[in-house]
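Right, one structure below, let's go through it.
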Amino acid sequence: MGTLPSAVCFDGSSIWVANFGSGNVKQLNPTNGVVLGTYNAGTGPYGICFDGASIWVANYVSSNVMKLNASTGAVLGTYSVGTSPFGICFDGASIWVANLGSANVTKLNASTGVVLGTYNVGPSPSGICFDAPASGCRTLAAPT
C-alpha cells in the first residue's frame, strides 16, 4: 500500500489514499483493492480530498497542497498554505485547509489555487469538513 497511510477519499470511481511516510498517493479500485496508480504527492502527504475533477493533497512537512489530475495523477499545481497542513476539504467552489502548525485555515480557489483568505481558528486545527455529500473528506490519526 504505502507507509503511514493517513487519509482516504473517494472520487466516484476510485479510492485515493495519502501515504504520509511514502510521499505518495495510491489510487485503488474500490471493488477489489487493486492499485490503479501510485503518484508523487509531495513531502508528508496527510490530508486528501476530491473537488469533482481533481485530487487535492495537504503536505504536512512541506506546508503546501498539491492538485493532481484525477484521471492521470499528473501534478496540476502546488500551492503554499499555512504551516503543517493537516485536513483538507472541498465546499463546492473552494478548497479549505486546516493548518495545524499555524492555528489557521486557508481558503483556496479550486480552479486556480489562489489563496482567497486565511482565517485564525485557534491552536492546532487538524480536521475540516464541509456539510455536503460531495465534500469527500476524512482524516485519520495524527502523525507521530
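The values are calculated or read from the model by the stated rules, or taken from the named source; none is laboratory data. This is a predicted model, so every value here is computed, not measured. Quick reminder, even Gly has a Cβ in these numbers, built from the backbone with ideal geometry, and neighbours come from all protein chains shown. Quick note on the areas: whole protein, heavy atoms, side chains included, nothing else; ligands and nucleic acids left out. Shrake-Rupley method; radii C 1.70, N 1.55, O 1.52, S 1.80 Å.
Mind grabbing the accessible area of I15 for me, 1.4 Å probe, Å², rounded to tens?
Probe radius 1.4 Å; accessible area of I15 about 50 Å².
At a probe size of 1.4 Å, how large is the accessible area of V114, to the nearest 10 Å²?
80
Mind putting a number on the dipole of the chain about its Cα centre? Charges go on the C-beta only, +1 for Lys and Arg and -1 for Asp and Glu, and I need it in Debye to the nearest 20.
Numbers: 4 positive and 4 negative charges, 37 e Å.
Dipole magnitude for the chain comes out near 180 debye.
What list of ³J(HN,Hα) couplings, whole Hz, do you get for region 60-73 from phi and the Karplus terms 6.51, -1.76, 1.60, once you set θ to phi - 60° and write x for glycine and proline?
4, 6, 8, 6, 8, 10, 10, 10, 10, 5, 5, 8, 10, x
Which far-off residues, 5 or more places away or on another chain, put their amide H under 5 Å from the one on L76, with H placed in the peptide plane?
Those lying under 5 Å, H to H, from L76 are K67, L68, N69.
In square angstrom, rounded to the nearest 10, how much accessible surface does V25 have for a 1.4 Å probe?
Accessible area of V25: about 0 Å².
Mind giving me the FRET efficiency for S126 and T72? R0 is 22 Å, r the Cβ-Cβ distance, nearest 0.05 is fine. The partial results should precede the final answer.
Values: r = 30 Å, r/R0 = 1.37.
Once rounded, the FRET efficiency stands at 0.15.
What is the ratio of the Cα radius of gyration of the chain to 2.2 N^0.38 Å, where N is its residue count, to two decimals? Spell out each step's value before the answer.
Numbers: Rg = 13.4 Å, N = 144, 2.2 N^0.38 = 14.5 Å.
So the Cα radius of gyration is 0.92 times the expected 2.2 N^0.38 Å.
Would you work out which of S62, I128, P85 lies farthest towards the positive end of the dipole of the chain, given +1 charges on the beta-carbon of Lys and Arg and -1 on that of Asp and Glu, about the Cα centre?
Ranked along the dipole, the leading option is S62.
Quick one: which residues, 5+ away or cross-chain, put their amide H under 5 Å from the amide H of N59? H built at 1.01 Å from N.
Result for N59 returns Y46, N64, V65, M66.
How many angstrom separate the Cα center of region 1-56 from the Cα center of region 67-98?
Between the Cα centre of region 1-56 and that of region 67-98, the gap is 12 Å.
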